[in-house]
Amino acid sequence: MCPGENQEPKVVSKEDMVGIDLSSTVHTNDAVSDVKAAPAVNGVKKDATHAGSVTTTTPYGPHPADFLSNVRNFKIIESTLREGEQFANAFFNLETKMKIARALDDFGVEYIELTSPAASPESRADCEAICKMGLKRSKILTHIRCHMDDARIAVETGVDGVDVVIGTSSFLREFSHGKDMAYIEKTALEVINFVKSKGIEVRFSSEDSFRSDLVDLLHLYRAVDKIGVNRVGVADTVGCANPRQVYELVRTLRGVVSCDIETHFHNDTGCAIANAYTALEAGATHIDTSVLGIGERNGITPLGGLVARMYTADPEGVKAKYNLSMLREIENLVAENVEIQVPFNNYVTGWCAFTHKAGIHAKAILNNPSTYEILNPADFGMTRYVSIGHRLTGWNAVKSRVEQLKLEMTDDQVKDATNKIKELADVKTQTMEDVDVILRVYHRAAQAGVLGLGESVKLDQLLEAHREGNNGIDAIADVPATKRQRTEA
Ligand SMILES: [Zn+2]
């Protein structure tokens, strides 16, 4: 069972909505939109300028003058199998880890980070097994404490790189490992040189970077950059940083080191995606994510949310890099394994992420989805829904259902039927089945010539008769026999 489907409310399930055929709609958010055949909507064909082949540039990308921005050139370090293992509900056996690693590789993340092989014998065996999987795209990293004992174990597992971390904030120096900055620098240089000597990548990160002394941090990063570390890492371990602070720290660091910059943002105060995006704007190169954001406490930047954000800035680039239609499958896989539901309002895959309700929204969406959608659901293998059995519904949305049911109704008849749906929905939300009955009974009676526009009371009688078990038309005594036969044919 798909976790995203488990929680769909009974009254407003997807069966009660109109799935909109994506092939007939055109998104214009895309950086390059090839608008070949704009559909005729509500009988109005688009004008030549709108319907012709057009090229548009997204206004949501980096500023052209911002030459340090990596918004169009970033890499994902997917840490579900490291940070995600620290989620309260997570326990991944090797089989599950391999399934998740395979799915992430198919999705196309550049790196997969694994729990330290020094953590337990099982962690070490799992790390070795995943390294032997022969993943196509993703490089394997493992995440270790800045300690030679851990480094010696890590380099023997077959990983492509080692992520080294140590706490540099006064809190961690005083209450965690108790080491001073001179000791941290000496150990860091020793570990980095050792990992480099094995011919694999090495990253050095401070922990709790935003509550560390800036002078200490920059001194340390400069020292490790000088001996050829591949990346330095900035980590908001407690989720305290805001985007402006992230921009300032990363931009300052960008001017101090020449290596890549990795960033890691916890989501305690809801800034993890915004902070990741801002870090890229400031010149960071790598972003840590986990599927559904799972991790220590309430987790880190979620893979799906980051991808949605980056797609908005560079749709073509993101579509080329990642297999976006796999997102839902990966999230369901992880959600099932850690026994959680995909949140109803999740980025991209939440059950209402592409559901439109208000009549005025539905009308505009049917004309051009970009009016109320920044993400094109088709690019993520998702479906757009228009909810119609409620008091806010509009006749354009109802008309799309009439067309799906292949009923021939004039616009005036659709508007008339819509009035009945709204009237009934004012008392109780109508299911899709209820809506279909109203439309079918209306259509049948109108075709038979027994229902005219505005005959609300007669329509009520027809619906009542239908509920009582007959077809709702024969119940009306004055139906001419010829018309009755035609209807029944
Ligand atoms: Zn973390």
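Checked against (1) in a loop (DSSP other than H, G, I, E, B); (2) under 16 Å from residue 442 (Cα atoms); (3) open to solvent by 50 Å² or more (accessible area, probe 1.4 Å), residue 391 meets all criteria but (2). Counting only helices (runs of 4 or more DSSP H) that sit completely within the range 252-344, zero hold 2 or more residues that are outside the structural domain of residue 230 (by TED's automatic domain parsing), free of Cβ contacts under 8 Å to residues at least 24 places away in the same chain and within 16 Å of the ligand (Cβ to nearest atom). On the given criteria, is residue 79 at pLDDT 75 or above, buried (at least 18 other Cβ atoms within 10 Å of the Cβ) and not assigned by TED's automatic domain parsing to the domain that holds residue 101? It is false that residue 79 is at pLDDT 75 or above, buried (at least 18 other Cβ atoms within 10 Å of the Cβ) and not assigned by TED's automatic domain parsing to the domain that holds residue 101. As a summary of the residue check, residue 417 satisfies the conditions (1) farther than 22 Å from residue 365 by Cα; (2) surrounded by 22 or more Cβ atoms within 10 Å (Cβ to Cβ) except for the one numbered (1). Between 58, 96, the distinction of being crowded, with 16+ Cβ neighbours inside 10 Å, away from the ligand (no atom under 16 Å from the Cβ), over 19 Å from residue 263 (Cα atoms) and modelled with pLDDT of 95 or more belongs to 96 only.
Note on the range 209-251: residues that are surrounded by fewer than 20 Cβ atoms within 10 Å (Cβ to Cβ) and within 16 Å of the ligand (Cβ to nearest atom) amount to 3. With respect to the conditions (1) in a loop (DSSP other than H, G, I, E, B); (2) under 27 Å from residue 135 (Cα atoms); (3) within 16 Å of the ligand (Cβ to nearest atom), residue 159 lacks only one, and its number is (3). I'd like the full set of residues that are touching a residue at least 12 places away in the same chain (Cβ under 8 Å) and within 16 Å of the ligand (Cβ to nearest atom), limited to the range 80-93. Residues satisfying the conditions are 80, 81, 82, 83, 84, 85, 86, 87, 90. Tallying residues that are of a type in the set (A, V, I, L, M), open to solvent by 30 Å² or more (accessible area, probe 1.4 Å) and closer than 15 Å to residue 212 by Cα within the range 252-276 yields 0.
The values are calculated or read from the model by the stated rules, or taken from the named source; none is laboratory data. It should be emphasised that the depicted structure is a prediction, and the values quoted were computed from it without experimental measurement. Reconstructed Cβ throughout: ideal geometry from the backbone, glycine too, with neighbour counts over all protein chains shown. Heads up: the accessible areas ignore ligands, DNA and RNA and are worked out on the full protein's heavy atoms, side chains in. Shrake-Rupley method; radii C 1.70, N 1.55, O 1.52, S 1.80 Å.
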